[in-house]
């Protein structure tokens, strides 16, 4: 697997994957709108084919993951992207890594907790507000769970690893 920064030639394939996954290249995180085509990110490749991607934003000492997608599950793509963003965040002198997901996404919550993230805050009803910005956000998500809340997870990067 090869992971590198997203470049302009990757954007069409990633754009297509983002639309297939989330309906639009526009994301709403913390009630803020982002266009995936304009965000910095990392792309993972297996045998030259796009296998996954991650978009992020850095503000001061914080790196926030805005998207993470493994196009094929069970091959360590998501874990490799998390490891790569942690290294990038360290180079950029970030002390913490954040990621938000929705309350229905129990798979993602488990995935992040297994990689050292902790639930930092739950924003009750935030997705209902996000629908005013992006009306295409579904009402029902994974496992028939109503999508209502934004869950923020955090990983402390400031302490040395044991």
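The values are calculated or read from the model by the stated rules, or taken from the named source; none is laboratory data. This is a predicted model, so every value here is computed, not measured. When we count neighbours, we look across all protein chains shown, and the Cβ atoms used for this are built from the backbone with ideal geometry, even at glycine.
Remarks
- Test for residue 134: is it in contact with a strand residue (DSSP E or B) (Cβ under 9 Å, 6 or more places away or on another chain), touching a residue at least 12 places away in the same chain (Cβ under 8 Å) and within 21 Å of residue 18 (Cα to Cα): yes
Yes/no matrix, rows are residues, columns are (1) more than 14 Å from the chain's Cα centre (by Cα); (2) more than 17 Å from residue 17 (Cβ to Cβ):
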| residue | (1), (2) |
| --- | --- |
| 32 | yes, yes |
| 42 | no, no |
| 48 | yes, no |
| 71 | no, no |
| 86 | no, yes |
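Residue by residue, here is whether (1) out of contact with any helix residue (DSSP H, G or I) (no Cβ under 6 Å at 6 or more places or on another chain); (2) in a strand (DSSP E or B); (3) modelled with pLDDT of 95 or more holds:
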{"site": "113", "(1), (2), (3)": "yes, no, yes"}
{"site": "122", "(1), (2), (3)": "yes, yes, yes"}
{"site": "143", "(1), (2), (3)": "yes, no, no"}
{"site": "151", "(1), (2), (3)": "yes, yes, yes"}
{"site": "158", "(1), (2), (3)": "yes, no, no"}
{"site": "161", "(1), (2), (3)": "yes, no, no"}
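- Selection count where residues are surrounded by fewer than 21 Cβ atoms within 10 Å (Cβ to Cβ) and not in a helix (DSSP H, G or I), scope region 87-99: 4
- Checked against (1) crowded, with 21+ Cβ neighbours inside 10 Å; (2) free of Cβ contacts under 8 Å to residues at least 40 places away in the same chain; (3) more than 28 Å from residue 144 (Cβ to Cβ), residue 52 meets all criteria but (3).
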